[in-house]
Amino acid sequence: MRASDADREQVADVLRQAASEGRLSLTELEDRIEALYAAKTYADLEPVVGDLPGDLPLPPSAALVRRSASAPAPSSSRVGGVPSSRSAKVVFSGIQRRGDWVVPQYYRIKAVFGGADLDLREATLEAAEVEIDIKAVFGGVNILVPPDLRVQVDGDGVFGAFNDDTTRGPQPGSGAPVVRITGKAVFGGVNVQRKAAGER
């Protein structure tokens, strides 16, 4: 699986810490930083810090499997199905996902000067916990979630924002399926709202 910029930054922190502790010379640090930013996949990250203390970032799928294994499986008709795609990219355009569709366990959205509308109210989830990773650059993403899904919003805004309106009102129980919304909004925005099916 391909590594993200955030994963490379995490590994860079490990390298900088190792250099500050005297484990790497400045020349070694430069060489490894160069190799790090040339890395494409999680497997490519391993040789860069394999002989140093510190944790490698987990691929999103592995992290989700680990979290799902430690959580009780909810009895929900919301979970199950095979997604038709695992990513979407919009540039100077827009997309909509609504009605009966399957949210992948790890769904990547990139909106550059464009917008995406995701309506999860009639959707099913591939797993009991899914992650929607968003990169909005001069773009916007709107997400509607139903009352029976738990939502965790953990995104960063750089001259942008992640707005979570799902914290208002009653929340589903601890056994409910979970939708994690992560990513970065750069001169863009991500809005998450909770609405029942049919509610405008």
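Subtracting the Cα-Cα distance of ASP100 and GLN171 from their residue separation scaled by 0.36 nm leaves 23.2 nm. Pop the C-beta distance of SER93 and PHE159 into the FRET formula with R0 = 35 Å and round what comes out to the nearest 0.05. E between SER93 and PHE159, to the nearest 0.05, is 0.95.
For the chain, averaging the sequence separation of C-alpha pairs within contact (under 8 Å, six or more residues apart) and dividing by the residue count gives a relative contact order of 17 percent. A simple packing score, the average count of other Cβ atoms within 10 Å per residue, orders the peptides 84-97, 30-43, 101-114 as 101-114, 30-43, 84-97, with the highest score first.
Measure nothing but the geometry: give the 0 to 90° angle between the long axis through the Cα atoms of 26-38 and the longest principal axis through the Cα atoms of the chain, rounded to 10°. Value to nearest ten degrees: 30. Pairs of Lys residues in the chain, spaced 8 or more positions apart or belonging to different chains, with C-alpha separations under 15 angstrom: 6 in total. Note: relative contact order over the range 5-49, using C-alpha pairs below 8 Å and six or more positions apart, is 42 percent. Label point 7 Å out from GLU46 along Cα-to-Cβ: which residues of the range 1-37 have amide N under 13 Å? Inside the label zone: 1. For SER77 and ASP5, the difference between the fully extended length at 0.36 nm per residue and the C-alpha to C-alpha distance is 22.4 nm.
The label-point distance for ARG16 and ASN191, in a model that sets each label 7 Å from Cα toward Cβ, rounds to 3.6 nm.
Rule-based calculations on the coordinates, nothing more; no lab input. Predicted model only: the values in this text are computed from it and were never measured. Neighbour counts run over all protein chains shown; Cβ positions are idealised from the backbone, glycine included.
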